[in-house]
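**Q** Submitted below is the structure of interest, expressed as structure tokens.
The values are calculated or read from the model by the stated rules, or taken from the named source; none is laboratory data. Keep in mind the model is a prediction, meaning the values are calculated, not measured. Glycine also receives a Cβ, built like all others from the backbone with ideal geometry; neighbour counts cover every protein chain displayed. Note: areas computed on protein heavy atoms with side chains; ligands, DNA, RNA excluded. Shrake-Rupley method; radii C 1.70, N 1.55, O 1.52, S 1.80 Å.
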Amino acid sequence: MVVRVIPVDPFDLVIFGGTGDLARRKIFPGLYRRFQAGQIPAEARIIGAARGEHDDDEFRGMIAESIAEFVPEARRDADSLGAFLQRLFYIAIDARGEQGWAQLKQTMRIDVVQAYYFSVAPALFGDIAERLTSHGIAGPEARIVVEKPFGRDLASARALNATLALHFAEGQIYRIDHYLGKETVQNLMAVRFANILFEPLWKSEYIDHVQITVAETVGVDGRGAYYDKSGAMRDMVQNHLMQLLCLIAMEPPYHFDPDAVRDEKLKVIRALDPVPSHDIVRGQYLAGSGEGGYLEHSENPQSRTESYIALKVAISNWRWKGTPFYLRTGKRLRARASEIAVTFREPPHSIFDDAEGWRENVLVIRLQPDEGMHLMVMIKEPGPGGMRLTQVPLDMSFAEALGPEAEDVPDAYERLIMDVIRGNQTLFMRGDEVEAAWAWTDPIIEGWEERSDRPQPYDAGTSGPEDALMLMHRDGRRWREIR
Ligand code: NAD
């Protein structure tokens, strides 16, 4: 199967923070891949805007180095790279001062799509939004892309929404959660809503529980100061895991349209119960394999920040009452693995004697590595020996089913940037969604801060703290293995 490329309209895309880590690792390599795919029209321009004096050629040299570092050799070629670099320009700009803004105004065209990507520290979002309008740079249709973190609690998220709203309408603001740009995450919606097979069973009557896991092997190395003010709840659960939960739990939207989808996600977030402290396990990794434990990377030797969290979450609505969602995420775990596993209930009555061989049906949606889905089903064990049962996966690995080209699908950032140019907000968080997510998160964090809870230590390279196992065991359930 050939991956279709739908060209976008001509655009001027400004990357504020164009010399930063995210721009170098994700944004420019992603744009280069879209350029190679033929999706970037000839008239498009990409303008890096950051602190630091560079001319266009120096900036092109920096981006060429990033692409050499972050795009595999087999996917680069000198001709396309040379042509791509010619689309790049640079403006030295001060988000908090006057330098560069007049030049940016002169540079921007009014007859093409204008997009401004804020890949800078969140403290600068308001300054940039303000200058884009006060200098008359951003046209009425301009779009801004805002990186995470979007606030650190409800009050700061509200304040940021209010600041952006002074300068841009909600329909112009694209709050990125790159998890929503992942192929499998969108496939989850296709599987749920383009097949009759799953939806009739998609409720507490037939689903026993859902597990959402985002396990990382990396630690906080080098980001200790930032992470210490955040922790796994703010950094991962409030945004990424919450978005995954919403896509599993939401009602079918009336149409695959930005507000229809986001309305349904918002209803899920509002239906989340407060989480009691006995349904939360926080952890902090200890040293392992010589890389140092969490505290050695933190500026605070007494830090109580969690690098791991597991929670049992209840959704109070007709569809999900009685079906818990278990969420866990952590750093320095055994393997890098993100997946959603939907475990179905037992059939009401078994006609087979082989009770031992029986296992639940599980739909596993794998986000990384090996993106794909499989459905664990029961079949008869082959051969003689009576009716014995065994579990096998019905595999929906995209690469196998769709051919090798399917592996070449755009990564999350590539897809999301192209969505911004197309003006499609479906895979971006709306302001009220982010606020609702913080409104649910705040009391949980306040609870452990009031109690001065310490996270439990866990060894690096394991599957997390012991108590996280108990969170499931006491309900007669088990976490899936992280591998
Ligand atoms: P970074 O520190 O590497 O880069 C910051 C960029 O901002 C640089 O280009 C710098 O020149 C520019 N800058 C700083 N002060 C400025 C000013 N006053 N005026 C104009 N430009 C200024 O940061 P980063 O890691 O690239 O992160 C950028 C944003 O993306 C942050 O909001 C971060 O939270 C978010 N983010 C980063 C990652 C990542 O992997 N790096 C992942 C997710 C989200």
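**Q** Those residues that are open to solvent by less than 10 Å² (accessible area, probe 1.4 Å) and in contact with a strand residue (DSSP E or B) (Cβ under 7 Å, 6 or more places away or on another chain), I need them from the stretch 315-327; list them, please.
**A** ILE315, THR323, PHE325, TYR326, LEU327
**Q** Do we find that LEU13 is closer than 20 Å to ILE421 by Cβ, in contact with a strand residue (DSSP E or B) (Cβ under 9 Å, 6 or more places away or on another chain) and assigned to a helix (DSSP H, G or I) in this structure?
**A** No, not satisfied.
**Q** Right, something else. Hey, among the residues in the stretch 121-146 that are within 14 Å of the ligand (Cβ to nearest atom) and under 19 Å from GLY423 (Cβ atoms), which one's farthest from the chain's Cα centre (by Cα)?
**A** My answer is LEU132.
**Q** Please indicate, with yes or no, whether at least one residue in the stretch 202-214 is within 16 Å of the ligand (Cβ to nearest atom), modelled with pLDDT of 95 or more and assigned to a loop (DSSP other than H, G, I, E, B).
**A** no
**Q** From the list PHE84, PHE59, PHE150, pick out the single residue that is under 30 Å from GLU446 (Cβ atoms) and open to solvent by less than 20 Å² (accessible area, probe 1.4 Å).
**A** Only one candidate qualifies: PHE150.
**Q** One residue is enough: does the stretch 121-134 have a residue meeting the conditions surrounded by 14 or more Cβ atoms within 10 Å (Cβ to Cβ), in contact with a helix residue (DSSP H, G or I) (Cβ under 7 Å, 6 or more places away or on another chain) and part of a loop (DSSP other than H, G, I, E, B)?
**A** The answer is no, given that none of the residues of the stretch 121-134 is surrounded by 14 or more Cβ atoms within 10 Å (Cβ to Cβ), in contact with a helix residue (DSSP H, G or I) (Cβ under 7 Å, 6 or more places away or on another chain) and part of a loop (DSSP other than H, G, I, E, B).
**Q** Also, I was wondering about something else. Does GLY82 satisfy the criteria of being among the small types (Gly, Ala, Ser), under 25 Å from GLN106 (Cα atoms) and not in a strand (DSSP E or B)?
**A** no
**Q** Pairs needed: first member in the stretch 425-440, of a type in the set (S, T, N, Q); second member anywhere, part of a loop (DSSP other than H, G, I, E, B); C-beta distance under 9 Å; at least 6 residues apart or different chains.
**A** Listed pairs, sorted by first residue: THR426/PHE256; THR426/ASP257.
**Q** While we're on this one: Check whether at least one residue in the stretch 173-182 is assigned to a loop (DSSP other than H, G, I, E, B), within 16 Å of the ligand (Cβ to nearest atom), surrounded by fewer than 20 Cβ atoms within 10 Å (Cβ to Cβ) and not aromatic (Phe, Trp, Tyr), and report yes or no.
**A** No, because not a single residue in the stretch 173-182 is assigned to a loop (DSSP other than H, G, I, E, B), within 16 Å of the ligand (Cβ to nearest atom), surrounded by fewer than 20 Cβ atoms within 10 Å (Cβ to Cβ) and not aromatic (Phe, Trp, Tyr).
**Q** Moving on to the next point. Return the pair list, or none, for Cβ contacts closer than 8 Å from residues in the stretch 136-162 that are part of a loop (DSSP other than H, G, I, E, B) to residues that are away from the ligand (no atom under 13 Å from the Cβ) and among the acidic types (Asp, Glu), at least 6 apart or on different chains.
**A** As it stands, the answer is ASP153/ASP442, since those pairs meet every condition given.
**Q** Quick check on the stretch 15-28. Is at least one of its residues touching a helix residue (DSSP H, G or I) at 6+ places or on another chain (Cβ under 9 Å), more than 15 Å from the ligand (Cβ to nearest atom) and open to solvent by 40 Å² or more (accessible area, probe 1.4 Å)?
**A** Checked against the condition, which is being touching a helix residue (DSSP H, G or I) at 6+ places or on another chain (Cβ under 9 Å), more than 15 Å from the ligand (Cβ to nearest atom) and open to solvent by 40 Å² or more (accessible area, probe 1.4 Å), the stretch 15-28 yields no hits at all.
**Q** List the pairs whose first member sits in the stretch 52-63 and is under 17 Å from ASP94 (Cβ atoms), whose second member is more than 12 Å from the ligand (Cβ to nearest atom) and open to solvent by less than 80 Å² (accessible area, probe 1.4 Å), and whose Cβ atoms are under 8 Å apart, counting only residues at least 6 apart or on separate chains?
**A** The qualifying pairs are PHE59/LEU88; PHE59/PHE89.
**Q** So ARG270 ticks every box in (1) open to solvent by less than 50 Å² (accessible area, probe 1.4 Å); (2) at pLDDT 95 or above; (3) more than 16 Å from the ligand (Cβ to nearest atom) but one. Which box is left unticked?
**A** (1)
**Q** Sticking with this one: In this structure, does ARG34 turn out to be of a type in the set (Lys, Arg), under 19 Å from SER80 (Cα atoms) and open to solvent by 50 Å² or more (accessible area, probe 1.4 Å)?
**A** For ARG34, the condition - of a type in the set (Lys, Arg), under 19 Å from SER80 (Cα atoms) and open to solvent by 50 Å² or more (accessible area, probe 1.4 Å) - is not met.
**Q** Within the stretch 325-347, how many residues turn out to be part of a strand (DSSP E or B) and out of contact with any Gly (no Cβ under 9 Å at 6 or more places or on another chain)?
**A** The total comes to 12.
**Q** Among the residues of the stretch 87-103, what is the count of those that are touching a residue at least 24 places away in the same chain (Cβ under 8 Å), open to solvent by less than 30 Å² (accessible area, probe 1.4 Å) and over 31 Å from the mean Cα position of the chain (by Cα)?
**A** 2
**Q** Would you point out which residue out of LEU164, LEU160 is open to solvent by 10 Å² or more (accessible area, probe 1.4 Å) and modelled with pLDDT of 95 or more?
**A** Details: LEU164 fails: open to solvent by 10 Å² or more (accessible area, probe 1.4 Å).
Result: LEU160 is the single residue among LEU164, LEU160 that is open to solvent by 10 Å² or more (accessible area, probe 1.4 Å) and modelled with pLDDT of 95 or more.
**Q** Looking only at the stretch 98-120, how many residues end up being in a loop (DSSP other than H, G, I, E, B) and within 15 Å of the ligand (Cβ to nearest atom)? So that I can check it myself, show each step before the final result.
**A** Step one: of the stretch 98-120, the residues in a loop (DSSP other than H, G, I, E, B) are 98-100, 108-112, 119-120.
Those still in the list that are within 15 Å of the ligand (Cβ to nearest atom) too: 98-100, 119-120.
The total comes to 5.
**Q** Quick test for you: out of GLU65, GLU53, pick the one residue that is surrounded by fewer than 13 Cβ atoms within 10 Å (Cβ to Cβ) and within 14 Å of the ligand (Cβ to nearest atom).
**A** Unique residue meeting the criteria: GLU53.
**Q** Sort through ILE40, ILE6, ILE47 and tell me the only one that's away from the ligand (no atom under 11 Å from the Cβ), surrounded by 14 or more Cβ atoms within 10 Å (Cβ to Cβ) and in a loop (DSSP other than H, G, I, E, B).
**A** ILE40
**Q** Please specify each residue of the stretch 223-238 satisfying the condition of being in contact (Cβ under 8 Å) with a residue 24 or more places away in the chain and of a type in the set (Phe, Trp, Tyr).
**A** Passing the criteria: only TYR227.
Residue by residue, here is whether (1) aliphatic (A, V, I, L, M); (2) within 30 Å of ILE173 (Cα to Cα) holds:
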residue: ASP257; (1), (2): no, yes
residue: ASP263; (1), (2): no, yes
residue: SER277; (1), (2): no, no
residue: SER298; (1), (2): no, no
residue: SER303; (1), (2): no, no
residue: SER307; (1), (2): no, no
residue: ILE315; (1), (2): yes, yes
residue: PRO324; (1), (2): no, no
residue: THR329; (1), (2): no, yes
